[in-house]
Amino acid sequence: MSIENLRTTVRGGVILPGDPGFEQAAQPWNTAVAQSVAAVVEVADAPDIAAVLDYTRRTGRAVVTQPTGHGATGDIDGAILVRTTHFDRIDIDPEQRVARVGSGVRWGQVQAAAAAHGLAGLSGSNPVVGVTGYTLGGGFGWFARKYGWASNAVRTFEIVDAAGHPQRVTADTDPDLFWALRGGGGDFGIVTGLEFDLVALPRLYGGRVMWSAERTRAVFDLFTELTATAPAELSIWLQRYQIPGAAPTVALDFAYLGDPAEGRHLTRRLDTIDGHLADTRGELSPAEIGKITAEPTEPSPSLSRGELLTELGDTVVKTLIDAPTAPLLNIQIRGLGGALAQEPAHSGARGAVTEPYALYLLGLGLPHLRGAVDNRFQEIIEALGTSITGAKPYTFLAPGESAAAAFDPATLARLREIKRNRDPHNVIRASFPVLS
């Protein structure tokens with residue numbers, strides 16, 4: 001069956017190699033990742049998805065879904081890349097505190113719509129990240145210490161299964177599949193919509209305070225003290241930056257999910273370190289939460305590595321605090337704990353995280369820098385030794401890594417069993433498939 005057949009069976013756009021705009025359509029968010037796909041299909045509705053799945057079953061190809069292009073690995077040669085941009089509905093029910101959104105929606109859109117009712121979703125730090133991929137991988141950001149994984153807030157998934165059938169998946173209709181979709185990745189169906197709980201949050205207090213690199217040890221010591229006693233409403237991330245052409249810096253980013261006056265009181269010790277280069281502290285709407293870290297909102301080339309830290313002892317200080325940041329752009333340490341460390345009563349595939357800190361390393365993915373950045377990643381990981389566990393959040397996985405690193409053996413075995421039962425021909429492939 002010719003791939004040209006997709007043009008006559010799909011209502012949405014079908015873009016093939018050689019067509020104008022193909023390279024741009026196939027490009028993931030991380031432009032350092034190349035995707036050699038057989039076609040990009042901008043599906044218009046669930047029947048379009050069923051048609052794509054029927055084609056892939058007949059031809060032995062796979063379907064990979066990337067609503068916004070985040071989390072791509074490049075390991076999808078010959079696949080059909082599905083974009084769900086047209087699934088863009090947003091419905092906020094302020095009385096029930098529930099959002100119903102299409103799978104092409106980004107978090108910034110949800111937060112803007114929910115904030116009008118004094119509500120917020122459990123988003124990450126960047127407003128252009130898609131709700132679907134983030135949530136399928138668990139999803140943790142500024143809200144996680146108070147409310148836990150974003151995936152555990154989901155009430156309903158609307159999917160098209162591997163056989164091409166639309167399904168509404170809940171804890172009652174299909175407990176096993178519901179469990180897998182709540183944090184197990186995108187291997188189990190093509191999501192077209194989600195319904196999830198919102199939290200009451202009219203305002204919050206947060207921002208960034210930045211200093212020159214000479215203050216790094218003092219900032220780290222304060223970070224250690226604050227995270228040891230912070231209530232669940234307060235999340236603090238330490239950031240070390242080395243932007244090309246600029247002097248190295250260190251910053252503390254934070255968000256307090258509550259009364260701004262209490263947030264100011266809890267973070268008052270940030271003023272004990274003088275010499276601020278920047279200070280963005282203030283009251284925010286949940287719709288403005290992306291301002292805290294001010295992450296890039298346009299595609300760019302990058303390399304990353306994520307880990308979970310068991311402690312912040314001498315080894316961590318020597319490796320992550322005293323050593324230069326370069327050739328990396330960013331060394332980030334997030335305080336965890338709170339609700340993330342507790343096993344929810346009705347959780348999905350993402351359970352408790354006992355490690356108290358998460359580490360995220362970032363470098364430019366330009367060809368002439370890749371070798372130095374990759375080598376530095378490896379040096380840091382080897383130097384940290386037992387200060388890291390080897391486990392990591394699914395959304396922190398990087399190209400070349402496996403979903404096995406994101407789940408304990410029992411969870412991974414259950415995910416694999418569900419995958420084999422629901423998609424025996426392995427037609428649907430996540431960026432980090434559980435069967436790899």
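A compact table of results
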quantity	calculated
Odd one out for G207, checked against (1) on the phi < 0 side of the Ramachandran plot; (2) surrounded by 20 or more Cβ atoms within 10 Å (Cβ to Cβ)	(1)
Tabulated pairs, region 389-407, first on the phi > 0 side of the Ramachandran plot, second surrounded by fewer than 23 Cβ atoms within 10 Å (Cβ to Cβ) and in a helix (DSSP H, G or I), C-beta under 8 angstrom, 6+ apart or interchain	G390/A405
Among the candidates V353, V373, residue that is in contact with a Pro (Cβ under 8 Å, 6 or more places away or on another chain), of a type outside the set (F, W, Y), under 23 Å from W237 (Cβ atoms) and in a loop (DSSP other than H, G, I, E, B)	V353
Failed item, numbered, when S235 is tested on (1) small (G, A, S); (2) more than 24 Å from Y147 (Cβ to Cβ); (3) in contact (Cβ under 8 Å) with a residue 60 or more places away in the chain	(2)
Any hit, region 203-225, residues being of a type in the set (S, T, Y) and under 30 Å from I92 (Cβ atoms)	yes
Boolean, A230 is over 25 Å from the mean Cα position of the chain (by Cα) and outside the structural domain of A150 (by TED's automatic domain parsing)	no
Residues that are in contact with a Lys or Arg (Cβ under 8 Å, 6 or more places away or on another chain) and not aliphatic (A, V, I, L, M), drawn from region 360-390	Y360, G363, F377
Residues of region 159-191 that turn out to be of a type outside the set (A, V, I, L, M) and crowded, with 24+ Cβ neighbours inside 10 Å, as a count	8
Test: residue in region 253-262 that is part of a helix (DSSP H, G or I) and closer than 16 Å to I292 by Cα	yes
Which numbered condition G245 fails, given (1) crowded, with 23+ Cβ neighbours inside 10 Å; (2) at positive phi	(1)
Any chance T65 is surrounded by 19 or more Cβ atoms within 10 Å (Cβ to Cβ) and in contact (Cβ under 8 Å) with a residue 12 or more places away in the chain	yes
Residues satisfying the stated conditions in region 222-252, i.e. part of a strand (DSSP E or B) and among the polar types (S, T, N, Q)	S235, Q239, T249
Hits in region 272-301 (condition: assigned to a strand (DSSP E or B), surrounded by 13 or more Cβ atoms within 10 Å (Cβ to Cβ) and touching a Lys or Arg at 6+ places or on another chain (Cβ under 7 Å))	E283, L284
Verdict on V101 being surrounded by fewer than 23 Cβ atoms within 10 Å (Cβ to Cβ) and either among the aliphatic types (A, V, I, L, M) or touching a strand residue (DSSP E or B) at 6+ places or on another chain (Cβ under 9 Å) (or both)	no
Selection status of G371, out of contact with any strand residue (DSSP E or B) (no Cβ under 6 Å at 6 or more places or on another chain), outside the structural domain of F178 (by TED's automatic domain parsing), under 29 Å from A144 (Cα atoms) and surrounded by fewer than 16 Cβ atoms within 10 Å (Cβ to Cβ)	no
Residue list for region 386-420, filter: polar (S, T, N, Q), more than 27 Å from W29 (Cα to Cα) and either surrounded by 13 or more Cβ atoms within 10 Å (Cβ to Cβ) or outside the structural domain of T354 (by TED's automatic domain parsing) (or both)	S387, T389, T411
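Here is a yes/no grid of residues against (1) touching a Lys or Arg at 6+ places or on another chain (Cβ under 6 Å); (2) free of Cβ contacts under 8 Å to residues at least 24 places away in the same chain; (3) under 30 Å from D176 (Cβ atoms):
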residue	(1), (2), (3)
R305	no, no, no
T310	no, no, no
I331	yes, no, no
S347	no, no, yes
A358	yes, no, yes
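The values are calculated or read from the model by the stated rules, or taken from the named source; none is laboratory data. Quantities reported herein were computed from a predicted structural model and do not represent experimental measurements. When we count neighbours, we look across all protein chains shown, and the Cβ atoms used for this are built from the backbone with ideal geometry, even at glycine.
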